[in-house]
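First comes the structure, then the notes that go with it.
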Amino acid sequence: MEYLFNELENADIVIDSVYKSGSANNISSEPLHKLFPKCGNMSGFRKVKRDDGRGIAYVILYTSMEELEWPDYLDEETGIFRYYGDNRKPGNLITFTKQGGNELLENVFAMLNSNGPLDDIPPFFLFKKTGNKRDVQFLGLAAPGNPKLSSDRDLVAFWRTMNNKRFQNYEAYFTILNTGNNSIPREWLNALIKNHDDSLKFAPEVWKRFIMMGRNGIEPLIARKIIKVPSPYEQLQSDENGRLCIDYIRKYYKEKPTGFEECAINIVEKMDPNFSSFNLTRPWRDGGRDAIGYYSIHSDGKANYPLKIDCALEAKCYAEKNSVGVREMSRLISRIRYRQFGIMITTSYIHKQAYSEVIEDGHPILILTASDIANVLRRNSIDNLNINDWIKSIDGVHKII
């Protein structure tokens with residue numbers, strides 16, 4: 001559903017709805033300050049204060065989810081949202097930010113992980129840019145934390161280097177709550193500001209449950225993915241920086257056709273650190289080179305051995321219009337042994353017929369295409385400026401068996 005700019009003051013706030021910007025070519029056409037009472041019209045972290053002066057009424061998180069250095073991310077299948085704090089440049093201590101976002105994150109997660117009441121935790125409303133002017137889409141009402149994350153993992157301070165200067169920022173985890181098709185009550189928004197102590201009676205049921213039970217009362221909004229064959233466009237899609245990185249990889253390994261396998265291994269390990277111990281196999285007649293490794297499932301304890309599942313990787317550094325077809329996919333499937341799974345990774349896409357056979361026959365194949373590679377590189381702060389250094393650093397790292 002879409003709401004026009006002149007409708008925003010009374011518009012329903014419903015998950016996945018789009019809120020249109022105004023016609024003015026300045027910040028006054030920004031929609032969020034019209035949609036929410038007393039909301040500012042700048043920054044990605046917007047706090048609205050309570051009238052009683054005793055805290056924050058609610059918070060709006062506004063993200064593009066496309067920043068290379070700060071890859072905010074929503075996993076629709078779990079409802080977990082990863083958000084990076086507002087100390088994004090060198091020069092300040094972690095909580096000394098203009099908007100005070102990191103200080104608020106500290107306070108909110110401290111309340112969440114204490115034994116005290118949670119009434120003063122403000123609700124978070126998540127929006128993302130649509131890419132069309134200043135239009136935004138509502139992704140949901142978010143609560144801090146998640147039942148699957150321990151209290152020492154939901155807010156983590158980490159170091160980042162920019163322009164040869166070190167600084168710290170926060171990585172915070174929220175959960176989108178299952179509000180269903182119900183809109184966010186405007187009585188609740190107004191009460192949060194003007195009469196906070198009595199605001200809970202207007203709140204959605206999922207927020208009441210969270211306030212009463214904390215992280216164990218969180219009911220996430222889970223959107224199961226429908227298994228289908230993605231189009232070539234979906235498998236290739238990325239932002240401009242991702243496209244530049246994929247093009248660079250293709251050009252680099254065009255002169256070194258048996259080298260992309262090491263790059264592919266590093267990408268898989270960056271995607272999930274539970275992948276490990278890969279070794280390259282001998283080159284085959286068609287010039288390809290596979291790798292064998294394993295995926296480790298463990299509890300992080302030392303007493304018991306992890307479960308290690310063998311996997312076979314096949315990597316194809318192909319041009320954008322050169323898809324991985326049935327022959328290449330069948331070759332990987334034929335090499336998968338009992339209790340083993342395969343990984344097909346390519347800088348291109350998987351042809352519809354090959355992809356369909358994997359899905360319909362239930363073959364245990366993990367598929368990574370150009371869009372996945374671009375996403376993994378972005379999450380690991382690899383861009384078109386430092387990709388050459390990264391590629392050179394991984395040459396010759398893995399053994400051939």
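The P(r) of segment 299-366 has a tail past 20 Å containing 36 percent of all C-alpha pairs.
Using just its DSSP H runs of length 4 or more, each adding -39500 (n - 2.57), the chain gives a mean residue ellipticity at 222 nm of -7500 deg cm²/dmol after division by all residues.
Of the trypsin sites (Lys or Arg not before Pro) in segment 111-152, which ones lie in a loop per DSSP and count no more than 16 other C-beta atoms within 10 Å?
Details: sites: LYS128, LYS129, LYS133, ARG134, LYS148; in loops: LYS133, ARG134, LYS148.
Qualifying residues, ordered by number: LYS133, LYS148.
Take every Cα pair under 8 Å in the chain that's 6+ residues apart, average their separations, divide by the length, and report that relative contact order as a whole percent. Show your work: numbers first, answer last.
Values: 766 pairs, mean separation 55.7, N = 401.
Once divided by the residue count of the chain, the mean separation gives 14 percent.
Rounded to the nearest 20 debye, the dipole size of the chain about its Cα centre is 780 debye, using +1 on the Cβ of Lys and Arg and -1 on the Cβ of Asp and Glu.
What FRET efficiency comes out for GLN168 versus SER356 if R0 is 56 angstrom and r is the Cβ-Cβ distance? Round to the nearest 0.05.
Values: r = 47 Å, r/R0 = 0.84.
Efficiency, rounded to the nearest 0.05: 0.75.
Label-to-label distance, ASN26 versus SER114, with points set 7 angstrom from Cα along the beta-carbon direction: 4.3 nm. Were the residues from SER299 through ASN384 laid out at 0.36 nm apart, the gain over their Cα-Cα distance would be 27.0 nm.
Name the longest site-free stretch of the chain, where the excluded sites are chymotrypsin sites (Phe, Trp or Tyr not before Pro) in a DSSP loop with no more than 15 other beta-carbon atoms within 10 Å. Intermediate results must be reported in sequence, preceding the final value.
Working: sites that count: PHE96, TRP284, TYR338.
The longest uninterrupted stretch comes out as 97-283.
Looking only at Cα atoms, what is the convex hull volume of the chain per residue, in Å³?
Working: hull volume 70.3 nm³, N = 401.
Here the figure is 175 Å³ per residue.
DSSP finds beta bridges in the chain, and of those with both partners inside it, around 70 percent are antiparallel. Counting only Cα atoms, segment 10-83 measures 37, 34, 27 Å along its principal axes, largest extent leading.
The Cα-based radius of gyration of segment 232-394, divided by its Kirkwood radius, gives an Rg/Rh of 0.96. Its Cα gyration tensor gives segment 125-198 an equivalent ellipsoid. The semi-axes, each the square root of 5 times an eigenvalue, are 30, 20, 14 Å from largest down.
Pop the C-beta distance of SER330 and VAL14 into the FRET formula with R0 = 45 Å and round what comes out to the nearest 0.05. Intermediate results must be reported in sequence, preceding the final value.
Values: r = 46 Å, r/R0 = 1.02.
The calculated FRET efficiency here is 0.45.
Convex hull volume of the Cα atoms of segment 2-217, normalised per residue: 129 Å³.
Residue by residue, segment 43-55 carries 3J(HN,Hα) couplings of 6, x, 10, 10, 9, 10, 7, 7, 5, 7, x, 9, x Hz when phi is fed to the Karplus relation 6.51 cos²θ - 1.76 cosθ + 1.60 (θ = phi - 60°); x denotes Gly or Pro. Fewest-first ordering of SER356, SER199, SER231 by other beta carbons within 10 Å of each residue's beta carbon gives SER231, SER356, SER199.
Throughout, read-outs are computed from the coordinates displayed, never taken from laboratory work. If you're wondering where the values come from, they're calculated on a predicted model, not measured in any experiment. Neighbour counts are summed over all protein chains in view; Cβ atoms, including those assigned to glycine, are modelled from backbone coordinates with ideal geometry.
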